[in-house]
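J.: There's a structure below that I have some questions on.
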Amino acid sequence: ENGVHTCIETSGAVPFEILERMIPVVDLFLYDIKETDEKNHKRYIGISNLLPIENLRKLDNAGAKARLRCPIIPGVNDRPEHFKQLNNLFGSLNHATSIQLMPYHRLGQGKVERFSVADMAEFSTPTDDQILSWKNQINLKYLYSKEE
């Protein structure tokens, strides 16, 4: 109404009705896709990835724009098959704007201590060469650029 661009960050792990109500007022969904493999998603995230992917498709069918935000952790989800599935998922969507790879960083370690999450795994941060390798596995026209 006032020309303010609105986006919302989501993992999509909610009933679709919640996302559906937001469509008229959201210009862009920043949509986390943490893992494309069902078993790995359950293992690392604790829930199935079926609902988030189904909701992403429903948003797309409703004409909503989404940027796929993909946290990448060395040794966890930096597999060629994961990148292939990200390309396939993005390519199947009509209104997705881009894939944004988000290399793991340790900025969240403070949350681990603050919320007493003792069993939180410690991961290594990726090298520049690893990040370049990941980007090379994503179709270049799908990658997020700062100009977007």
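J.: Just to be sure I understand the filter: pairs with C-beta atoms under 7 Å, separated by 6 or more residues or on different chains, first member in the range 48-64 and at positive phi and part of a loop (DSSP other than H, G, I, E, B), second member open to solvent by 10 Å² or more (accessible area, probe 1.4 Å) and of a type outside the set (Val, Ile, Thr). Which pairs pass?
T.: Final answer for the pair search is 63/95.
J.: Okay, moving on. Considering every residue within the range 2-15, establish whether at least one is of a type in the set (Gly, Ala, Ser), farther than 22 Å from residue 103 by Cβ and in contact with a His (Cβ under 8 Å, 6 or more places away or on another chain).
T.: Just the residues of the range 2-15 that are of a type in the set (Gly, Ala, Ser), to begin with: 3, 11-13.
Restricting the remaining residues to those that are farther than 22 Å from residue 103 by Cβ gives 3, 13.
Add one more test, that the residue is in contact with a His (Cβ under 8 Å, 6 or more places away or on another chain), and what stays is none.
For the range 2-15, residues of a type in the set (Gly, Ala, Ser), farther than 22 Å from residue 103 by Cβ and in contact with a His (Cβ under 8 Å, 6 or more places away or on another chain): absent.
J.: Also, I was wondering about something else. Given the conditions (1) touching a helix residue (DSSP H, G or I) at 6+ places or on another chain (Cβ under 7 Å); (2) assigned to a strand (DSSP E or B); (3) not aromatic (Phe, Trp, Tyr), and given that residue 76 satisfies all but one, which numbered condition is not satisfied?
T.: For residue 76, the failing item is (2).
J.: Another question, if that's okay. What do you reckon, is residue 17 over 15 Å from the mean Cα position of the chain (by Cα) and part of a helix (DSSP H, G or I)?
T.: In short, yes.
The values are calculated or read from the model by the stated rules, or taken from the named source; none is laboratory data. Keep in mind it's a predicted model, so treat the numbers as computed, not measured. Note that each Cβ is placed from the backbone with ideal geometry, even for glycine, and that neighbours are counted across all protein chains shown. The accessibility values were calculated without ligands, DNA or RNA, using every heavy atom of the protein model including side chains. Shrake-Rupley method; radii C 1.70, N 1.55, O 1.52, S 1.80 Å.
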